[in-house]
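Working notes for the structure below.
The values are calculated or read from the model by the stated rules, or taken from the named source; none is laboratory data. Owing to the predicted nature of the structure, the values given are computational and were not obtained by experimental measurement. Don't worry about glycine lacking a Cβ; one is built from the backbone with ideal geometry, like all the others, and counts go over all protein chains shown. The accessibility values were calculated without ligands, DNA or RNA, using every heavy atom of the protein model including side chains. Shrake-Rupley method; radii C 1.70, N 1.55, O 1.52, S 1.80 Å.
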Amino acid sequence: MTSTATHSDTARWLLEVTAAAASADPTTFEEQRQLLCSVAQFDSASRTWWTYIGVLDIRALEILQRLYEAARRFGTEVRVQAVAAPDAWSGPCFTAVGELAALTAAQAGQGRRLGELPVL
């Protein structure tokens, strides 16, 4: 599907950040929820928090910090990957000519998703 937005001639990318809830008793799960509810949406069916990041700013750093804090404290599994922005996305996004595109291309060339570290 082709976007009819004014920026349709430029590839638009987002960072899709997901965090799978760690198995936990109700009290610990509530602690995870309290930590993450202000930075990500929760899908109860998959027990996963998710959000998109379209610009690397202070809010993006806050989101990432909270998700990685959940990973450290609770064992929450966090993933970050570059995805094409949905046609309906109206927020900020990275473009094909930006730094994210270059990083994504470099990471893809090494067979890893964006955010995954090499296994040594």
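Below, the figures for the structure above:
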read-out: Candidate set: the stretch 60-116, residues that are in a helix (DSSP H, G or I), over 30 Å from residue 25 (Cα atoms) and open to solvent by 60 Å² or more (accessible area, probe 1.4 Å); chosen: the one modelled with the lowest pLDDT; value: 109
read-out: Selection from the stretch 45-58 of residues that are closer than 22 Å to residue 32 by Cα and loosely packed, with under 13 Cβ neighbours inside 10 Å; value: 45, 46, 58
read-out: Residue in the stretch 30-49 that is touching a helix residue (DSSP H, G or I) at 6+ places or on another chain (Cβ under 7 Å) and either hydroxyl-bearing (Ser, Thr, Tyr) or at pLDDT below 85 (or both) present; value: no
read-out: Answer residue from the stretch 16-37, given it is part of a loop (DSSP other than H, G, I, E, B) and open to solvent by less than 60 Å² (accessible area, probe 1.4 Å) and is nearest to residue 94 (Cα to Cα) among those; value: 21
